[in-house]
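The structure under discussion appears below in the form of structure tokens.
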Amino acid sequence: MKSISKIVGLMLLSFILVGCDNSVNRADNTIGLMQDKVTMIINELNQIQTYEANLQADFETTLQEANDDLAVFNNPDTLVEQNIQNRKEHLDTLKVQVQELVDLTPELETLMDSNDLPTSQFQQVNQMINQLAVDINYYIENYQSNLELESMTFKSIAHPDTEYQSFFGVFDNINEISTYNLMNLDKVLGQFEPLNALLINIKVYLVNLQESN
């Protein structure tokens, strides 16, 4: 009878240990996926900023190729319009990646009852990701609207009644739009450093926990 009890006890202990290891592995995998997704989001934001930085050069090239025919700005194949379309595509990709990051948070929620895992930090990660998603989506929605204004502004150059003053007024409109986009972006960028630091700390803790088991 004692031997049976001992065997049952060992079996229960093994189940507990397996459950613990499984929880640690799940947490480690989820944190790793979050880190990868955050990196992808930052890369998309950098791509958008690169295209925006190239807008002035694209405009000047388009103007040179126009040979005084400003109607070219109605052409969907100009560098300016391609620049706008490229940013639209990156914004669409960014939106998908942000949602994929948010979709990872429920996995951490399922591990909140574990005594071995840093559940308070999991909760903090989820809160930070949800706030980041709110701010990035606001940035995306406003940027998308502003890209439509950009496109309309550049196409207005092609209007036959465009005068010298209104031509240079285009730059004021574009600069104003860019400033607004940067204001929204600043709210986002400041959140990456503390989120990345927290993810790294949790990752180190989980690796150490796996090595100690």
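Here 35, 49, 85 are screened, and the one residue that is within 30 Å of residue 211 (Cβ to Cβ), open to solvent by less than 80 Å² (accessible area, probe 1.4 Å), at pLDDT 90 or above and not basic (Lys, Arg) is 35. I'd like the full set of residues that are part of a helix (DSSP H, G or I) and either touching a Gly at 6+ places or on another chain (Cβ under 8 Å) or exposed (fewer than 14 other Cβ atoms within 10 Å of the Cβ) (or both), limited to segment 101-110. Listed by number, the residues that qualify are 106, 109. Among the candidates 196, 181, single out the residue that is touching a Phe, Trp or Tyr at 6+ places or on another chain (Cβ under 9 Å), assigned to a helix (DSSP H, G or I), open to solvent by less than 60 Å² (accessible area, probe 1.4 Å) and modelled with pLDDT of 85 or more. Every option except 181 fails the conditions.
Of the residues examined, residue 113 is not one that is more than 30 Å from residue 207 (Cβ to Cβ) and exposed (fewer than 15 other Cβ atoms within 10 Å of the Cβ). Picking from residues in segment 128-161 that are of a type in the set (Asp, Glu) and either crowded, with 19+ Cβ neighbours inside 10 Å or touching a residue at least 24 places away in the same chain (Cβ under 8 Å) (or both), the one that is farthest from residue 72 (Cα to Cα) is 135.
For residues in segment 120-178 being aliphatic (A, V, I, L, M), at pLDDT 90 or above and in contact with a Leu (Cβ under 9 Å, 6 or more places away or on another chain), which is farthest from residue 38 (Cα to Cα)? Within segment 120-178, the match that is farthest from residue 38 (Cα to Cα) is 147.
The values are calculated or read from the model by the stated rules, or taken from the named source; none is laboratory data. Predicted, not measured: the structure shown is a model, and the values here were computed from it. Cβ coordinates were reconstructed from backbone atoms using ideal geometry, including for glycine residues, and neighbour counts include every protein chain displayed. Surface areas here come from the heavy atoms of the whole protein model, side chains and all, with no ligands, DNA or RNA. Shrake-Rupley method; radii C 1.70, N 1.55, O 1.52, S 1.80 Å.
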